[in-house]
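Peer 1: Shown below is the structure under consideration.
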Amino acid sequence: HMEDGRPILTINRMPTFVDQVVNDIRQNRPSIKVRPVDDVADDEIADIYTGLIRHIEHASDATVAYVTAVEGAAQCGIGHFRIVSEYSQDSTFEQVIRIKRIVDPFAVTWDPQAVELDRSDAMYCFYEQALDLETYKARYPDSALTGFDFMDVDSTHLGDWRQGEEIRIAEYWTKTPEKRTLALLDDGRTIDITDMKESDGLLQDDQGGVFRIVKSRKVKRSKVEMRIINGHEVLEGPFEWIGTGIPIIPVIGKETHIGRRTIRNGIIRHAKDPQRMYNYWRAAQTEQLALQPKAPWMVTPKNIAGVESLWQQANRRNMPYLPYAPDPDNQGIPPQRNMPPVGSPSMHQEILVAQDDLRAATGIHYAPPTSDPKEVSGKAIMARQRQSDVSTFNYSDNLARAIVSGGRQLVEILPKVYDTDRVVRLLNEDDTTEAARINQTVVDHAGEEHRVNDLSVGVYDLAVTTG
């Protein structure tokens, strides 16, 4: 735009650097692999976990959630995705797990005492959303803020939870430590028996099966609950979550701890000043070049007598010729044009310096095809690409760590959600699908019942690969 007749340009190069990081991750999608840990877990169940998680990712379009999170990390230092449980159909009670994206990276506020990269040590967090008044009234008709006195509610009490006709609500997640009793059963399962009845070392489940307790111990576990609040009251809840971790997973860009302060940044933060300098010098160059065709003519009044209108258009129209009359008082010298402004080599150099500062601040180095004739070999191009990949590796690495954190939550809650005899769909590494039956009860030759493909048996961990 123009200010005081001078150009003020913003040539934003930041999205290109962000896209470089994000699109590289798009091309190298992360993949989860579940592995058995203890002697009770086996490879077959691990493969079922892996295929089931891949199917959940596919059904959830989890790649979009992951990319949205890493975009937030690259732009402003943090992004998020979340895990939810929902009913598979309106006509059934079977639940499924889905991975959802969180669009606004600033919608989540974490416990400031949490220091782990995945915030697994956070005792609470808020996930905020803004609703217009009509939607809010329809969703929460019994709220104290839906009456006719809505606009009369003390704004000091609500603070920034209310902005005009818009009100903010939040999912308030809390984690409360509590003591539980953990038992190892004779069929290899490890379950929580705190709320179950035990008699002489025997335990009966909901299906009437009787199991012997091999050993038990007291443990500390976290009870995770969610409430929906509006800054004035609790609208819904509490709802107990099936896992022991808050099902919101952050993806961090760069994080620095200074005393009690935590400073996060993405690619853009340290490149702001080089971007401003680039804008300044490009605007100055544009202004200088724009003035060149407007160099004034040096004439006398007698030179242009009778043809003034043509000369007034000389800087706006491409005239094939300009008539003039010789002026005897000026020795008959024809009109002359002043020298136009000459482009400044130092100005062009400053633009190049600002470009180099942008690459240095973002850590993304690229070379245009003609920038250096020596860098034409494949090795030179790969070396330059490797330099950029190393500088921005923390984004893909932190995304992989976040996916591992989310995968561990999935491994924990899957046996609780998929706890009945059912057929599940598995997605293989080559994108082919197959069906597997889990939690199937079979009777052996001795007449004893066993569960086949029981997801609750064994301990599993996982790793993430890219490519």
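Peer 1: Please enumerate the residues belonging to the stretch 320-332 that are in a loop (DSSP other than H, G, I, E, B) and surrounded by fewer than 12 Cβ atoms within 10 Å (Cβ to Cβ). Let's see the steps before the verdict.
Peer 2: We begin by selecting, within the stretch 320-332, every residue in a loop (DSSP other than H, G, I, E, B); these are 320-327, 331-332.
Selection gives PRO320, TYR321, PRO323, GLN331, GLY332.
Peer 1: Against the conditions (1) within 30 Å of TRP281 (Cα to Cα); (2) more than 60 Å from the chain's Cα centre (by Cα), where does GLY332 fall short? Just the number, please.
Peer 2: (1)
Peer 1: If you don't mind, another one. Output the qualifying pairs, or none if there are none: Cβ atoms under 7 angstrom, residues six or more apart or on different chains, first residue in the stretch 234-248 and closer than 16 Å to GLU178 by Cα, second residue among the polar types (S, T, N, Q).
Peer 2: ILE242/SER85; GLY243/GLN409; THR244/SER222; GLY245/SER120; GLY245/GLN409
Peer 1: Can you tell me which residue in the stretch 169-212 is modelled with the highest pLDDT, limited to those that are in contact with a Leu (Cβ under 8 Å, 6 or more places away or on another chain) and closer than 30 Å to VAL234 by Cβ? Can you show your working first?
Peer 2: At the first step, the residues of the stretch 169-212 found to be in contact with a Leu (Cβ under 8 Å, 6 or more places away or on another chain) are 169, 183, 185, 190-193, 196-197, 203, 210-212.
Pick out the ones that are also closer than 30 Å to VAL234 by Cβ and you get 169, 192.
Details: ILE169: 91, ASP192: 75.
Ranking the candidates gives ILE169 first.
The values are calculated or read from the model by the stated rules, or taken from the named source; none is laboratory data. Quick caveat, the model's predicted, so the values are computed rather than measured. Reconstructed Cβ throughout: ideal geometry from the backbone, glycine too, with neighbour counts over all protein chains shown.
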